[in-house]
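What follows is a set of notes on a single structure, which appears directly below.
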Amino acid sequence: MATHQARRRNLALAGGLAALALTLGFTASPATAAPPPPVTYVALGDSYTAGTGAGGLYRDSLCWQSQSGYVDIVAASGRVDLLTNLACHGALLSFDPLNPSPFYNGAPTVVEQIFAGQTALQNAELVSITAGAIDAGSLLALQACASPDTTTCAGTVAGIRANLSSVTTALAGTYGLIRASAPNATIAVMGYPRLFDPSQGDLVIPGVTVVPVANQVLANTAVDDLNRAIAAAVQLSGKNVVFVDVTKRFRGHAVNSAEPWIVLIPAPVPPFDRLPDANFHPNVAGHQAYAAALISTVKPAQLAKR
């Protein structure tokens, strides 16, 4: 009997101590969990994903890539396992030989990249892409607006806006192709930054107005419209496709800001006789901003737990 009573007292004491521990917040610490494995990652798209602006200034191959772009920065974080980066500077969404784009420069298109990367895509848990700017007419906009001619700039931007619905359709089709090729992946669709800060006044180089405020506003409006077209294509593409907006991160870091995150070298660099191909692309700091935007939006650790 005494032994039975003692056992009851011990149980009551143990229960009371457990309750006190919970009240004070003293709970047993679980064993440290192993970190999730890195997420398998594939990158596709145009010059922004190819790293342009973080390395060399001039294109030197059909599929030109530069080191230290946002894809490399994300890969170095240890949170992803980069299977392949197939992005190329100058890549269009697709190429129709019967109706060739004037902007086609031989770089593998995004559709060609997708078909080339089938094995990697089938194993991918994360895909990132920048695409659509060249198809929308960004090269025309830069040629027209990076000048003192506001009339031509305005007309070019108006033409780009009129074409954006077809760009949205083409983008949605591209995202659908990626989803079919990478059925287990989250697809992160990266937007583009505004290029200019009109509050800094006319962009002037050795006393010559290169980009007046009016043209800066028009160029930024074109970027905003392009981002909306991209976001609309994402909305049409269903689950596991997300839009990553970078405009807020680049605020205060345009080409004419005191601390630019976008490359602008206003004269040819010998021995070349043309402006650098890296112009109007993120520099190393800009690519770091892209990497931060991607990681904070998709949260690779959470993807690894799915």
Legend entry - Accessible surface of segment 43-126, 1.4 Å probe, proportion on carbon and sulfur as whole %: 51 percent
Inset, instruction - Of the options 89, 140, 208, report the single residue whose Cα projects farthest towards the positive end of the charge dipole of the chain (beta-carbon charges: Lys, Arg +1; Asp, Glu -1). - result: 89
Inset, instruction - At 1.4 Å probe size, with every protein chain present, just tell me what the per residue accessible area of the chain comes to in Å². - result: 49 Å²
Legend entry - Nearest-0.05 FRET efficiency for residue 62 and residue 115, computed from C-beta distance (R0 25 Å): 0.95
Inset, instruction - Using a 1.4 angstrom probe on heavy atoms only, work out the carbon and sulfur share of the accessible area of segment 168-306 in %. - result: 57 percent
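Order the peptides 240-252, 200-212, 135-147 from the highest to the lowest mean number of other Cβ atoms within 10 Å of their residues.
Working: 240-252: 17.4, 200-212: 14.2, 135-147: 21.1.
Top of the packing list down: 135-147, 240-252, 200-212.
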Inset, instruction - Starting from the Cα coordinates of segment 122-279, work out the convex hull volume and express it per residue in Å³. - result: 129 Å³
Inset, instruction - Return the calculated 222 nm mean residue ellipticity for the chain, to the nearest 500 deg cm²/dmol, obtained by summing -39500 (n - 2.57) across DSSP H runs with n ≥ 4 and dividing by the residue count. - result: -13500 deg cm²/dmol
Inset, instruction - Send over the Kirkwood Rh of the chain, from the inverse of the averaged 1/r over different Cα pairs, rounded to one decimal Å. - result: 21.4 Å
Legend entry - Sorted peptide list for 125-133, 185-193, criterion being average Cβ within 10 angstrom, highest first: 125-133, 185-193
Legend entry - Length added when fully stretched, residue 96-residue 76, from 0.36 nm per residue minus Cα-Cα: 3.5 nm
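The values are calculated or read from the model by the stated rules, or taken from the named source; none is laboratory data. Not measured: the values here are computed from a predicted model. Cβ coordinates were reconstructed from backbone atoms using ideal geometry, including for glycine residues, and neighbour counts include every protein chain displayed. For the accessible areas, the whole protein counts, side chains as well, though only heavy atoms, and no ligand, DNA or RNA atoms are used. Shrake-Rupley method; radii C 1.70, N 1.55, O 1.52, S 1.80 Å.
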